[in-house]
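*Asks:* I'd like to ask you about the structure that follows.
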Amino acid sequence: MSASGSGVAAIYARAEEAQNAPVKLQPVPAFELYKAAREEELCSYRSLCRVLCMHSGGKLTKQQRRILEDMREELCLPTERAEAELAAAREDVLVTSVAASGVLKRRQDFFDGVTDVPLDTLSYAESAKDDNNSLYVAQTKVARTEQIVGGVHGRHAAPSKMSVREIHKNLERIGREVAATSSKLLYCTSVVDQQAYRNVLQQKREQLQAMLREVEDAPPDMSGITSVMPSEHVY
């Protein structure tokens, strides 16, 4: 039986047929391969537009726009097609629902769950709320902006100081979570679960980096902390 048609499915079908055929088959035309590759490129750009709009609500930051511009150049996409893909992503019901619900900003809550948000209420800007059963403490991470990256704004306001006790508590909590997640990743066999655990570890890394930046910008509050340990009073 010979594979008919064109496109990605036809190429996979021809490859499977070639592996099982007793005789040598004709190769896949280069144009068919190019069409399949082009479909993959367009799908990847479309997915990128959708994901960025989910995170930004359609109002892309400068960094996100640069990502799209670089990808557009890499994939040789016409400007008109790229703008059309972005416009379609901004109007997609799934994309707008995810952005309006705020679920991607509360990832840690979904280890225990959050209150459900009906889709018919998203137009009223109702957001997912914590059910107070989360295993994780609210993140101390502050969202970065283009101004902070540029070093022009964001450093004039006096940031709140964390106490040494709070820093130690957060470090111990993150350390326990990293150890537990690393253990799960070590013995996990599912590719999907492995990626999920890697994402969690990446989030913990970002939390630690955010804590470091916060401590550098605002030295911790040392009030209530004695400078000399009791054991040092021995002469």
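The values are calculated or read from the model by the stated rules, or taken from the named source; none is laboratory data. The shown structure was predicted, so the numbers you read here are calculated from the model rather than taken from an experiment. All Cβ positions, glycine included, derive from the backbone under ideal geometry; neighbour counts span all protein chains shown.
*Asks:* Which of the following residues is modelled with pLDDT under 90, closer than 22 Å to Ala84 by Cβ, surrounded by 13 or more Cβ atoms within 10 Å (Cβ to Cβ) and aliphatic (A, V, I, L, M): Ala13, Ala18, Ala36?
*Replies:* Ala36
*Asks:* Report whether or not Ile148 is surrounded by 14 or more Cβ atoms within 10 Å (Cβ to Cβ), part of a helix (DSSP H, G or I) and at pLDDT below 50.
*Replies:* For Ile148, the condition - surrounded by 14 or more Cβ atoms within 10 Å (Cβ to Cβ), part of a helix (DSSP H, G or I) and at pLDDT below 50 - is met.
*Asks:* Moving on to the next point. Taking the options Ser223, Ser231, Ser183, name whichever one is modelled with pLDDT of 70 or more, farther than 30 Å from Gln64 by Cβ and over 20 Å from the mean Cα position of the chain (by Cα). Before the answer, list the steps.
*Replies:* Working: Ser223 fails: modelled with pLDDT of 70 or more; Ser231 fails: modelled with pLDDT of 70 or more.
Within the list Ser223, Ser231, Ser183, the selection yields Ser183.
*Asks:* Further question on the same structure: Given the options Glu41, Glu69, Glu83, name the one that is surrounded by fewer than 16 Cβ atoms within 10 Å (Cβ to Cβ), over 27 Å from Ala100 (Cα atoms), more than 15 Å from the chain's Cα centre (by Cα) and of a type in the set (Asp, Glu).
*Replies:* Only one candidate passes the filter, namely Glu41.
*Asks:* Restricting attention to region 45-104, report how many residues are closer than 29 Å to Lys35 by Cβ and in contact with an Asp or Glu (Cβ under 7 Å, 6 or more places away or on another chain).
*Replies:* Matching residues across region 45-104 total 5.
*Asks:* Does Val200 fit the bill of being over 18 Å from Lys169 (Cα atoms) and modelled with pLDDT under 80? Give the steps one after another, and end with the answer.
*Replies:* Working: over 18 Å from Lys169 (Cα atoms): yes; modelled with pLDDT under 80: no.
So Val200 fails the test.
*Asks:* Would you check which residues across region 44-66 are under 17 Å from Gly102 (Cα atoms) and among the charged types (D, E, K, R) and list them?
*Replies:* Residues satisfying the conditions are Arg50, Lys59.
Each row is one residue, and each column tells you yes or no for (1) at pLDDT 65 or above; (2) at positive phi; (3) of a type in the set (A, V, I, L, M, F, W, C).
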| site | (1), (2), (3) |
| --- | --- |
| Leu75 | yes, no, yes |
| Glu83 | yes, no, no |
| Val98 | yes, no, yes |
| Arg106 | yes, no, no |
| Leu122 | no, no, yes |
| Ala128 | no, no, yes |
| Ala138 | no, no, yes |
| Ala157 | no, no, yes |
| Ser163 | yes, no, no |
